Amino acid sequence: MARIELDLAHSYKADPKEDADYALRPLRMAFEDGGAYVATSAFAGNSAGNSGGGLAVEFGSQLLLASSTLSGNSSNQTGGGLYNAGDAFVDFSTFASNSGVWGGGGIHNLGELDLGGSTLLGNQSSSGDGGGIANGRNASVTNSTLSGNTSAGVGGGIAASDESFTFVTNSTLRSNSAAPNGGGGIFVDGSFTLNNSIVAESSGGDCGLGIYHIFDGDNNLASDDSCPFNGVDVNDLFLGPLRDNGGLVLALAGGFALAERFGAPLRRLAEYDGAGPGMRMNDGKCDPAGRFWAGSMALDFREGAGALYRLDPGGAVTRMLEGVTISNGMDWTEDGARMYYIDSPRRTIDVFDFDPARGAIANRRVLVEIPEEAGVPDGMTLDSEGRIWVALWGGGAVRCYSPAGKLEEVIAVPAPQTTSCCFGGGDFAVLYITSARDGMSREQLKRAPHAGGVFAAWCGARGRAARRGTPRHPSRSPPSPRHPDRIGG
């Protein structure tokens, strides 16, 4: 790889007589040799007749861009600031006031993009999608800010096309806009993960959407100014269980809410006493009577700052456990006599005696101790025989324990940060396993390229249908029943 290290005072402007298609001809030549490292540099006022007004990374090449600024660059096609068809690693850089005619005012990605600690401000796609970023393949956006970006199509902040993978973590998208379609903050037509991020003050033409995510072609994930993703810290949102008479019960930073359908305004159900700055919900599930249990944790992982809550059908909220650090997996036996529970830092699977009639727990004891080398227990589910399947964060595995706590099976997962699991499929014979890629280094992601994916395992066990919640908004009659696809617990 060619290494180009430049001082902060040095800026670059392309000579149109040299090459109108690429902003920086020497850097393009370096890419043809395999790649380039560019640091503390500025690329300003460049234009390209093709793609990549500021910089262009060709297929098979690699760019490492650090602590640099790309501003006022333009492209007659896509990628006003950066066009990437190879591998681009961008850290602590700024893309400001760049423009692309057909998409990707700031960045157009058709390769592998890893954007960290960076800012995209006031970029524009004048005739296409993705004012800030247009993603056509794999893009990871971490600890970054996208603000004031605009698109004449969809995705003022980010537009992601079909068959793309987009991961947004610890980032803020604010005051981005798309007209006349939707997804002022984010428009997604591919695989999408949003974690610990804020999407706020977005506008999206006809719909005013913060996020528009296509499900089966044409369904909104959220809509209007009342949507949970348009002005609420997404880290504070937990999508909870299906309700018996339609909709989803949600656990938010400030309390419990009801989403009667995708795109409908949220309706507040109840508050809980531990809500406040620096806190969020982490995991939840319904007990055999349809009560919704959800646990909280501190964003800074303070020991004992969280709690476990129970939301009853009438709207009452009860604190069931105190001194919780990272509330995670829970489930109940088929007869409702036992409740299993995980507070992750304890590295145990605990069991309570459970009273289904009153929703009471008692006699907490340790059923399983997880060895440190195996990882940290995260989400869990029970199969039809009462066996416990638990995902191990940092262990790249799901372990199965008998009701007596004996280890019976281990499923290796090609993603170290295994997060949860549940049974699904028509006969509940498929174990679906989720994972994360939060905080993983580039080297770790190279060794585990499937991190953050969802996996399916046929393990010889069968699960059970997920229990549905019964909470309802007291001032409204329930909507007509719905029949979603079957997903087990």
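At-a-glance table
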quantity: Hz values of 3J(HN,Hα) by residue in the range 410-426 - Karplus curve (6.51, -1.76, 1.60), Gly and Pro given as x; calculated: 9, 10, 6, 10, x, 8, x, 8, 6, 10, 6, 7, 7, 8, x, x, x
quantity: N143 paired with L299, simple spin-label distance in nm, labels 7 Å along Cα-to-beta-carbon; calculated: 1.5 nm
quantity: The range 276-352: trypsin sites (Lys or Arg not before Pro) falling in loop per DSSP and having at most 12 other Cβ within 10 Å; calculated: R302
quantity: Vicinal HN-Hα couplings computed from phi for the range 36-46 (Karplus, 6.51 cos²θ - 1.76 cosθ + 1.60; Hz; Gly/Pro x); calculated: 8, 10, 10, 9, 6, 10, 10, 10, 10, x, 8
quantity: Potential extension, A289-K406 segment - 0.36 nm per residue separation minus Cα distance; calculated: 39.3 nm
quantity: Net charge of Cβ neighbours under 12 Å - reference R462; Lys, Arg +1; Asp, Glu -1; calculated: -1
quantity: Loop sites in the range 307-379: GluC sites (Glu not before Pro), DSSP, at most 16 other Cβ within 10 Å; calculated: E334
quantity: Only Lys, Arg (+1) and Asp, Glu (-1) charged, at Cβ; the range 253-361 dipole about Cα centre in debye; calculated: 320 debye
quantity: Gain upon complete extension [F59, A429; 0.36 nm per residue less C-alpha separation]; calculated: 129.1 nm
quantity: For L55, distant residues with modelled amide H under 5 Å away; calculated: L82, Y83
quantity: The range 394-418-the range 301-362 distance, computed between alpha-carbon centres (Å); calculated: 21 Å
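No lab work stands behind these numbers, since they all come straight from the coordinates. Source: prediction; values computed, not measured. Neighbour counts are summed over all protein chains in view; Cβ atoms, including those assigned to glycine, are modelled from backbone coordinates with ideal geometry.
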